[in-house]
Amino acid sequence: MPSRESYEVHKEEKSLVQKAKREANQEDILAAALGMRMGPQKPPATFWQPLKLFAYSQLTSLVRRATLKENDRTPKSEKVHNFKVHTFRGPHWCEHCASFMWGLMAQGVKCADCGLNVHKQCSSLVPNDCKPDLRHIRKIYSCDLTTLVNAYNTARPMVVDMCIREIESRGLKSEGLYRISGFSDSVEEVKMAFDKDGEKTDISGNAYEDINIITGALKLYLRDLPVPVISYNAYPGFIEAAKLTDPEKKLEAFREALALLPPSHNETLKYLMAHLKRVTQNEKHNLMNAENLAIIFGPTLMRAPNLDAITALNDIRYQRQVVEVLIKNEDVLF
């Protein structure tokens, strides 16, 4: 009976033979892909080398996307592509239908977050599987929340995590926490530091002694989100839930509204509400209860989606009530 060592050697030899065969047929496969017919004698290596480089450069993004799908074992939030009309330099093929992109200018569209290149007409057919690449993320603030967490492969935006950790380490007992504004120039400085250095940004007490600068930076990040933490599609559900008077029905309506949030938004809201609950537990020092915090965070976390001015104005009090309910019932809602 063959030993395990001989079996492994045989397996490795078989693998090497298969690899050699694949490499030997590379030119034939490439020729077929390019629609070329081969005669009894193949063109010289000087012909194949630049052709290989050209073809492989066009297939790079397809290989990258296939590799990501195979290797990505962490569940991520579904994300639509951020397509922009693009002029490509040199020949390009659509990564959805694999057909050539014709024209000299604006031949197709390119995802600004992951770099996917497709025809304009194919963009509506591409699934919501955008996997943002850090090379395309130019700033942290004003970046879509789901885009940011997918690019950094985190549960929440690092700005939220870092600011809350800093606030809880040295600021929970600070009077007027979140109500008192930090120096605006310093808050803007923190924003620019995050945009430039990301998770390497220093927001410690040595860099910013005033904790209100850090709370200001966190609030600014949440306000700058293109889609608020409580997303536009979930907004009506939260407003209607806040209007209910029956406690049980209200909590059930809140659970249904929370289920409408994208996973990254839900996780961020959960983490933030747990933090604000801890802030209220230090009320005797910081003088901040759930109602006070809700007045601050209502308009920060929620924005009325395309409503007229009067309706949006009327919604302000319900926005406050939404955040107040979330803080007080954080342990049972999340």
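The values are calculated or read from the model by the stated rules, or taken from the named source; none is laboratory data. Note that the structure is a prediction, hence the values are computed from the model and not measured. A quick note on method: Cβ atoms are made from the backbone with ideal geometry, for glycine too, and the neighbour counts reach across all protein chains shown. The protein model used for the area step is the full one, side chains on, heavy atoms only, and it has no ligands, DNA or RNA in it. Shrake-Rupley method; radii C 1.70, N 1.55, O 1.52, S 1.80 Å.
Explain nothing, just compute: Karplus ³J(HN,Hα) = 6.51 cos²θ - 1.76 cosθ + 1.60, θ = phi - 60°, for every residue of the range 306-323 in order, whole Hz, x for Gly and Pro.
Those phi angles translate into 6, 9, 5, 4, 5, 5, 4, 5, 5, 6, 4, 5, 6, 4, 4, 5, 4, 5 Hz.
Would you tally the net charge around Q321, using a Cβ to Cβ cut-off of less than 13 Å, leaving Q321 out, and scoring K and R as +1, D and E as -1?
Residues near Q321 contribute +1 overall.
With a 1.4 Å probe and every protein chain kept in, tell me what percent of the accessible surface of the range 100-198 is carbon plus sulfur.
51 percent
Please sort by residue number the chymotrypsin sites (Phe, Trp or Tyr not before Pro) in the range 196-253 whose DSSP state is loop and whose Cβ has at most 13 other Cβ atoms within 10 Å.
Working: sites: Y208, Y221, Y232, F238; in loops: Y208, Y232.
When the chymotrypsin sites (Phe, Trp or Tyr not before Pro) of the range 196-253 are filtered for loop state and at most 13 Cβ neighbours within 10 Å, Y232 remain.
Just to confirm, what accessible area per residue do you get for the range 158-332 at 1.4 Å probe, in whole Å²?
48 Å²
Hey, what do the phi angles of the range 204-211 turn into as Karplus ³J(HN,Hα) couplings, whole Hz, using 6.51/-1.76/1.60 and θ = phi - 60°, x for Gly and Pro?
Running phi through 6.51 cos²θ - 1.76 cosθ + 1.60 with θ = phi - 60° gives 5, x, 5, 8, 9, 5, 6, 5 Hz.
Tabulate in residue order the Karplus-calculated ³J(HN,Hα) for the range 325-330, using 6.51 cos²θ - 1.76 cosθ + 1.60 with θ = phi - 60°, rounded to whole Hz; enter x for Gly and Pro.
Values per residue, Gly and Pro as x: 5, 5, 5, 5, 10, 4 Hz.
May I ask you to give the percent of accessible area on the range 247-334 that is carbon plus sulfur, with a probe radius of 1.4 Å?
52 percent
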